[in-house]
Structures are given as structure tokens and as C-alpha cells.
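A short worksheet on the structure shown next.
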Amino acid sequence: MIKKGNLYFPTKEFKKRALIKSAAIYKTAAKNPIKFWEKLAKELLWQKKWKKVFSHRPPYFKWFVGGKLNITENCLERNLEKRKNKVAFIWEPEPIAAPNGRASPSKTGREERERYFTYYDLYREVNKLANALKKLGVKKGDRVGIYLPMIPEAIISMLACARIGAIHTVVFSAFSPQALRIRLQDTTAKILITADGYYRKGKIINLKQNADKGVKSTKVKKVIVVKRAKNEIPWQRKRDLWWSDLIKNEKEFCKPAAMDSEDTLFILYTSGSTGKPKGIVHTTGGYMVQANFTGKWIFDLKEDDIFWSMADVGWITGHTYSCYGPLLTGTTFLIFEGAPDWPTPDRWCKIIEKYGVTTFYTAPTAIRMFEKYGIKLLKRYTFNTLQILGSVGEPIDTAAWQWYFKEVGREKCPIVDTWWQTETGGILITSLPGIGPFKPAFTGLPFPGLRVNILDEKGKSLPVHKEGNLVILPPFAPGLLRGVYKNPKKYLETYWSQYGKRIYFTSDTAYRDKNGLIRIVGRVDDVIKVAGHRLTTGELESAIAKHPDITESAVVGIPDEIKGEVPVAFVVSHKKRKAETIAKEVREQVRKEIGPIALPKKVYLVEDIPKTRSGKIMRRILKRLFTKEKLGDLSTLANPESVKKIKEVIVK
Ligand code: PRX
């Protein structure tokens, strides 16, 4: 990389190999974004061409109107022509024999083998499961729940649903049964695909047990179970089916359903401001085009690349860049079952070297964790296959950026700091690797054709260096959400109210530098990003409210060295309870309602929570108790004395 001032640019050699190397693309796309996306869409396989590229009835819009397609034909058939026996993806299991004795063995005590799926293998597996799902009565438009860890069957399940036009809704495997239940209830899924168990840091997690609890009081009639960890599991003879039995005699071809471009491909839930998560709806045609081209251009995916995105399929990053994106582009990618620092802190390095990973995509929280283990560990690795590094999920600070750039990328890899959201379906802001520029802590330039702006509260466009609300302007991008499942009000309120129905409000604040590079500052709503995972304070508070002894609670996100932010909770109890006991119970309550990722770092039992005279909880003040910021004027509070008392509890 070449450094000019505080900017970095790709070298001549890098540029030579890059798919997109001329900045002219930005000009062409900006002239007519609709035409630009249309040209791109033509490179993919459509059963029937669209009649209109973009239609807009604010706050609703459509892309490739009237077009028919099946995304799996693009992920599979399209690749069979040229890449039938090319590896589509490699699966790396967690269990491995560790040299230092801290082994993470499988149940048999042996190291496990990786698995390779060629495009042809994947095609057959997807078709078999698609046929089996059809036999179980799954029809186009039906919702199917997927509660699987990072194993090949997760990818196969998503594609099998898409093959027959069923809508998949993937639930992160570390979510609690209660979190699973809410999602299954909201989608009224009749089928759930899960596994017996999986490995996490050497332990077997009994996923089936959680799935059984989660399907209670839902419409789920059949539970398909992948045999993964061979752990003992409960079984309901009439309801449960082994995956292997189900597909055994199925044919290796299933006719791909003709999907309208605007038919729903999947629903993925993200935290809502209340206890209830929002089902983000993504449709087929637009999502496909965006997943394909953002994947291809941002990660510069070429025929011989090995792409490893560390994200789990339970999140949007896993959907777009550990499944659809790389498959659409015919890339070989990697999925990994375990934790990157298990059984040794350099497991992730070993994986990079083992497969010669060329493109590595992770989150700042992981980068900070790697950094903490120390660079001595990295000296053993050359990382000479790496060409591009990616970051996603939260702002990456300059120190972590520099560490990643120097110690992992060895100063030769561009860092694509990719900004996007569950709602945007694919990456929307980042500089392209063959063009640049890259600047630590700045996410970069909007993707070609994307119109964004930074506005003040009144909707006035802000000049360079002024922080404001990041918005997206029409025609947006083809993959942007089309709705909140069964909740049009929420769709309107959350995204299209702040500045009217024609401007998408991201809920992020940002500013631009003089080069037009964007720096994301943070969220304006109650979202907290814990190790890159999106949670809301409201969601945690409503989980805590279910504790019978708690009258009131307030959750805030406070800075954390590794995780970026962590939740802490303040609780008021109407009973005389011991602080330690109640803290333990509250944490347990959160684990039960949401899952271990949401566990508050600290739970403080307090007498009162600071509120305004109108009864609004002042989370801002609670947050400032943990940062160096001044508390500000407390006289507007109804109960200013509560702050002093809380301070005393915190110091204890
Ligand atoms: O605040 C932004 C932050 O993550 C939010 C979206 O979270 P989620 O829907 O979970 O999707 C994460 C993965 C796409 C955004 O509103 N965010 C995401 N990427 C970045 C980021 N903040 C700063 N820099 C990024 N690269």
C-alpha cells in the first residue's frame, strides 16, 4: 500500500490485478444509478426480464419489477457450467488436536476433518433437501425456521428454501429458546431445521434441547435434525426427523421456483426498541444483484480466491457474505464452526495458513481480541496469501485499524471497512480495494451509484467535518429492506419518519472529510453494539422486567476494551433482596430471554433511577457515570438525589 499523508492507496501491482480499478465508475454510476444497477443485473440469470427497473411509491419501492428468477440457479446452475468441480466452500470444524494439550477433541476424542463441497456437491444436496421439504408440504411463501450452527447444512438449508420459494428465517444458534420462540411465532413457521448439538470452545452445546423448548407454543409441526455432535438428545417420534433419513432417497434435481423479483427471500430479525425483535424483510432480485456485486467488487473476488468471513449465518453478514455473495460470484469460501481463539489463541491464524485464505473479513471486536493476545503469537505466521482485509459491525478505531493493517495485513493489504446494516442487505459504504483511498477509522466512499447525505435535525445538508444523521436517498440500493414483517407501522416509523417518506434514515451519525470519506460515529437510537452484535436497551429492559421482584430497570451500553460496548443494568426491586443474588438472577433472566451475548457485565441494585419530571429515564446520565464526560445539569431531574446514590453503589 502507498501512503500519502493520512491516506492509503493500492500499489500499481495491486491495481493491475483488481477487478475495479478506475474511479470513473463512480461518475458513470452517479449519472444514472438506476441504469447502472440495470446493467449489472443483466449479468445474472433471470427466467424473465423485468419490465421496469425501479418504481417508487414512498416509502415503498421495487427493483426489477416483473422480473422472474431463482437465486439458487444463480448460485448453483450458473456455476455448474464453468466450475462444476470447483470447491464452493470448505467447512472447518471446531475440534482439533492441539499441540499444547488444551485440545478441543470431538466426542470420539479425535481430531475432526474439514469438509469440502464442490458446486456440484452443493447443487445435489440443496436439490435433495428442497425435494424433501416439498414432501413435508412446504410451499412457496411458507416460512421455515433455521436454528443451526456454522455447519454446511446451514448453507444447504437456506438454499433449499430459496429453491422452492420458501422464506427462510435463520435464528442465531446461541440465541435462547425464548428468542427462538418469538421468531417462530411471528413468522408462524411450520418447519424448523436444527441440529443435535455443536462445539463451542470445547463444549458440546445441546442445541436440540433448546430447539425443543423454543418450538413450544408455536406452529412448528416438523423438526428436522442434523446429526452433528452425536450428543444425546430428546426425541419426539411423530415430530422429529433426522436430516439424513429425510434426504436419503430424494432426487438430485428439484425444479427451481419462479420467483418474482419482489418475492420475499428471507426474514431476518434484529433487535427492536421494545422487547419484540423486528423481522427485516428482504426480497429476491434486488438483494441478489447487490449481494453479487458488493461481494465481487469490495472483496475483489477472483477465480482463485479463498474468502473467509468470520460471521455466523445467524446475522446478516453471514447471509450475504458467508452464503449468497460468494456463491453468486463462484468463489471458494470458508465457514468455521468454532471460536477463532480456540483451542489456542492463534486458531484463526492457523486457518488462514491452512487454506491460504486470500480475503479475511471480521469485526473490530475480534481484531481487538487478537491484538490483546500479543504480537509474539503472530510472528510464526507469514500471512503471505492475504490480499484484502475487511472489517464490519462497528466503528474501528485508529489503533485497531493500524494493528490490523500492520500485523495481519503486513502493510500490503487494503482494509475495506464496510458500513452496512441488517436493513441494507449488503455493504453500502466502503472504498473499493483497487481504487481507495483508505483512511484509518473512516469507512470510506459510498458504493458506486449510492446517494447518501449527512443532515442536521432539520434536514439541512451538513458541510465537511460536521457531524449529523446519515441518510440514504432515492433510488437507494436494490437490496434495501422492503418492510418489517407484519408491521408496516414500524417500517414507516423507524426508517421513513425522521425526514419524510423519501429519505431513508439509518439511525447512525457520521461526518465526511474533505475527500468525501465517511466516518461513522455511532447510533442515535437505543442500539448498543456488543461485540458487533446488535442489541437494544429496550430489549434488555423488557427481559429484565420479567423478573418478579423487579419494579424498574434501565440498561445502558458502556465502553469496553474488547467488545466495544457492553450492557450494564440498574434495577430497582420492591422486595428486600441481596444485591449479589439479584444480580445473578437478572443475568440468568437475560440469558433465558435473549442468550449469553446479551448478558449485562454488571447489575446494580439501586433505590431509584434518574428520571425527568415527565418520567423519562435518563440513560444518558447513567452512561456518563462510566465515561469521563460531565454529568451535566441535574436540576431538570425529578429525582436528582438518585444520581449521587447510584454513584455510591457503582464505586462499591
Ligand atoms: O451502527 C452501524 C454499525 O452497525 C449497525 C448495523 O448493525 P447490524 O444490523 O447488526 O449490521 C451489522 C453488520 C452489517 C449500523 O447501523 N456498523 C456496521 N458496520 C459499521 C458500523 N459502524 C461503523 N463502521 C462500520 N463499518
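The values are calculated or read from the model by the stated rules, or taken from the named source; none is laboratory data. Just so we're clear, the structure is a prediction, and the values are computed from it rather than from any experiment. Don't worry about glycine lacking a Cβ; one is built from the backbone with ideal geometry, like all the others, and counts go over all protein chains shown. Ligands, DNA and RNA are excluded from the accessible area calculation, which covers all protein heavy atoms including side chains. Shrake-Rupley method; radii C 1.70, N 1.55, O 1.52, S 1.80 Å.
In this structure, the residue pairs whose Cα-Cα separation is over 29 Å, taken from 219/490; 42/82; 128/278; 3/466; 62/82, are 128/278; 62/82.
For region 531-651, the fraction of 1.4 Å probe accessible surface lying on carbon and sulfur atoms is 53 percent. Site pair residue 545 and residue 237 shows an inter-label distance of 4.4 nm when each label is modelled 7 Å from Cα along Cα→Cβ. Summed over the residues of region 393-461 and divided among them, the accessible surface reaches 28 Å² per residue at a probe radius of 1.4 Å.
Note on the chain: with charges restricted to the Cβ of Lys and Arg (+1) and Asp and Glu (-1), its dipole about the Cα centre is near 940 debye. Think of a 1.4 Å ball rolled over the protein heavy atoms: region 531-651 then has 52 Å² of accessible area per residue.
Please list, in order, the residues from region 544-585 whose amide nitrogen is less than 11 Å from a point placed 7 Å along the Cα→Cβ vector of residue 509. Those under the cut-off are none; the list is empty.
Aspartates and glutamates within cross-link reach of residue 35: Cα-Cα under 14 Å, excluding same-chain residues under 8 positions apart? Cross-link targets: 43. Measuring against 29 Å, Cα to Cα, the residue pairs 203/601; 276/645; 140/227; 190/251; 201/439 contain 276/645; 201/439 as the ones spanning a longer distance.
Among the lysines of region 289-400, pairs at least eight places apart or on separate chains and with Cα atoms under 27 Å apart come to 10.
Counting only Cβ charges, +1 for Lys and Arg and -1 for Asp and Glu, the dipole size of region 433-581 around its Cα centre is about 480 debye.
Cross-link reach is defined here as a Cα-Cα straight distance under 18 Å, omitting same-chain residues fewer than 8 places apart; for residue 592 the aspartates and glutamates meeting it are 212, 539, 541, 549.
Taking the alpha-carbon distance from residue 501 and a cut-off under 18 Å, which aspartates and glutamates remain once sequence neighbours fewer than 8 residues away in the same chain are dropped? Reachable aspartates and glutamates: 423, 456, 457, 493. Take 137-144, 123-130, 210-217 and order them by the average number of nearby Cβ atoms within 10 Å per residue, most first; the result is 123-130, 210-217, 137-144. Calculated mean residue ellipticity at 222 nm for the chain: -7500 deg cm²/dmol, from DSSP H runs with n ≥ 4 weighted as -39500 (n - 2.57), summed, divided by the residue count and rounded to 500. Rounded to the nearest Hz, the phi-derived 3J(HN,Hα) couplings of region 307-317 under the Karplus curve 6.51 cos²θ - 1.76 cosθ + 1.60 (θ = phi - 60°) are 9, 10, 9, 6, 5, 7, 5, x, 10, 4, 4, where x marks glycine and proline. When the charge dipole of the chain is built from unit charges on Cβ atoms (+1 for Lys and Arg, -1 for Asp and Glu) and taken about the Cα centre, the candidate among 33, 175, 454 whose Cα reaches farthest toward its positive end is 33.
If you take every DSSP beta bridge fully contained in region 531-651, what fraction is antiparallel? Give it as a percent rounded to 5. Antiparallel bridges: around 75 percent, rounded to the nearest 5. All Cα-Cα separations within the chain were binned at 20 Å from zero, giving a P(r) of 18, 54, 26, 1, each value a whole percent of the pairs.
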